[in-house]
Amino acid sequence: MDTSELLLNGFGAFAGAFFAFLFLRLGEFLTKVYERQVKHYNSLVNLEVQLNEIGGIIHDDLYILPPFIKTIKLGHVYFNNLHTLKIDRNHYENLCNLALLNELFSYNYQIRKINDDIETMSSGYQDIKNALIQRNITPQEYKVNADVLSENLEYIRLFLVNFQEKTINLIARIRIHIKHDQPLGARLMRPFISAVRYKLKEEDIKKETKMLKLEIEESVKKSSADIKKILS
């Protein structure tokens, strides 16, 4: 065997080992990318569920607030309670979309703000309600305090009306992400992480928001019909 054959055989062995190593590393990389994409996709699904739950709480609070305000302004006692908005941020680290993360952090700041207002108002009203029931204050004193609280309740109502719209818009955005940010395996592993870089189009958001509002309206109508049926 001459020198050229030895070099050729040696190169062949080296090339075989090199490409085997390369494909092994590529396989590991693609597996990690896929796992990351699966976590991102699952987080989007969890977010949609949580935001729908928040939307339900907002709807309930907006249903409670008008009679709450009316009742205490008349000097009467109201026994229903507002509910704070809950959201789990533990899975945010699995999201790959920076723009979405920034929007969620802003959204969560507003949740913390409204929750503080609801808790403060609820605690304050509980105090004056108990004081009236225990006859530690007069009905007139209760009315004065209730009038102040009713102004805070109106502020909360207006905030929730606006926040309901933001929640619907955010759900619409996440629904569009769910459609486009499928795990790469499901999208035939195309351009690796490009799926999470999908840029939302304004017309898509408006279309999805419109569809979502129609779904909410249908749900509200069905709930109202069910309540009327039970009470009839």
Scan region 75-90 and tell me whether some residue there is at pLDDT below 80, not in a helix (DSSP H, G or I) and not β-branched (Val, Ile, Thr). yes
Is it fair to say Ile137 is in a loop (DSSP other than H, G, I, E, B) and not charged (D, E, K, R)? yes
When region 91-102 is checked residue by residue, the ones that are part of a helix (DSSP H, G or I) and in contact with a helix residue (DSSP H, G or I) (Cβ under 7 Å, 6 or more places away or on another chain) are Tyr92, Asn94, Leu100, Leu101
Positions within region 78-117 being of a type in the set (A, V, I, L, M, F, W, C) and either more than 21 Å from Leu158 (Cβ to Cβ) or within 12 Å of the chain's Cα centre (by Cα) (or both), in sequence order: Phe79, Leu85, Ile87, Leu95, Cys96, Leu98, Ala99, Leu100, Leu101, Leu104, Phe105, Ile111
Any hit, region 155-167, residues being under 18 Å from the mean Cα position of the chain (by Cα), assigned to a helix (DSSP H, G or I) and charged (D, E, K, R): yes
Residue list for region 49-74, restricted to those being in a helix (DSSP H, G or I) and hydrophobic (A, V, I, L, M, F, W, C): Val49, Leu51, Ile54, Ile57, Ile58, Leu62, Ile64, Leu65, Phe68, Ile69, Ile72
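The values are calculated or read from the model by the stated rules, or taken from the named source; none is laboratory data. No experiment lies behind these values; they were computed from the predicted model shown. Note that we place each Cβ from the backbone using ideal geometry, even for glycine, and neighbour counts take in every protein chain shown.
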